[in-house]
1. How much FRET efficiency would the formula 1/(1 + (r/R0)^6) give for Arg141 and Asp201, where r is the Cβ-Cβ distance and R0 is 35 Å, rounded to 0.05?
2. Each residue of the range 86-103 in order: what ³J(HN,Hα) in whole Hz does its phi give by Karplus 6.51 cos²θ - 1.76 cosθ + 1.60, θ = phi - 60°, with x for Gly and Pro?
3. Given a Förster distance of 30 angstrom, what is the FRET efficiency for Asp209 paired with Thr179, based on the Cβ-Cβ distance and rounded to 0.05?
4. Could you work out the pair-distance distribution P(r) of the chain from its alpha-carbon pairs, with 5 angstrom bin width and percents rounded to whole numbers?
5. Counting only helical runs of four or more DSSP H residues, what would the 222 nm mean residue ellipticity of the chain come to if each run contributes -39,500 (n - 2.57) and the total is spread over all its residues?
6. Non-local amide H neighbours of Val42 (under 5 Å, H modeled in plane, Pro and chain starts lacking H): which ones?
7. Measuring from a point 7 Å past the Cα of Ala13 along Cα-to-C-beta, which residues in the range 181-218 have an amide N at less than 17 Å?
8. How high is the relative contact order of the chain, given as a whole-number percent (alpha carbon pairs under 8 Å, six or more residues apart)?
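Bear in mind these aren't lab numbers, they're just calculated from the coordinates by the rules spelled out. Bear in mind the structure is a predicted one, so any value in this text is a computation, not a measurement. Note that we place each Cβ from the backbone using ideal geometry, even for glycine, and neighbour counts take in every protein chain shown.
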Amino acid sequence: MQPFVTIESFGPATVPTIYGIGRNYPEHVKELGNKAPDGEPVLFLKAPASLRPLGSGTLAFPGETFHHEAELVLRIGQTVPVGTKTEGWTVVDALGLGLDLTRREKQSELKAKGLPWALAKSFAGSAVVSPLIRLTDCNERQTFRFKLIVNDQLRQSGDTSQMIFDVPTIIDFLASFNTLLPGDLIFTGTPSGVGPISSGDKFTLELEDPHRHWSGIL
Ligand code: MG
């Protein structure tokens, strides 16, 4: 069995839905001056067409302020009918790291108007995903630490034990109103340290255990 599922083996046609969880790390909620989620996760969607492997493509709207948001990304491995209480991790078959690229100025404008975030979150190339690792190759604690390094400078450090909503809670939440399908991806939220990116920046996403790192130029 191959230890890695590579991005080439799945693409927009095999990713039914990309779910994004917002405001899931307390320090990140503070840095953007947001309110903490009230009882349930903050959810948005990215179109499958926004998917791209780390290190390819160009920014869709040159001249705008894009922010990087480094996140743990999960892949659902089986159908989870709506209303099913899962055991969380049992329905995840692979994971990796991703960048939830965000048009921050557009998002602020939409938030101020009380409008959905789609224009700020779902655009060509906005869902950057590393190659995925099979869950069976991961540590049994099922907590993960990761880093984002931009141009050799540490920008973000994440520890999933700090998530406001943990992975089983996120999955049960999503399955409470929708059937989850094999190939669905979940961006689980970003830790603090988000900031602007520029075309030509070198990004390295690093997972601590199992140790993996992936680099690319945006
Ligand atoms: Mg995010």
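1. 0.65
2. 9, 9, x, 4, 5, 9, 9, 10, 7, 8, x, 10, x, 10, 8, 5, 10, 7
3. Given R0 = 30 Å and the Cβ-Cβ separation, E is 0.40.
4. Distribution as computed: 1, 7, 16, 21, 22, 18, 10, 4, 1, 0 percent.
5. Rounded to the nearest 500, the figure is -3500 deg cm²/dmol.
6. Residues meeting the amide H criterion: Gly22.
7. Inside the label zone: 183-184.
8. 34
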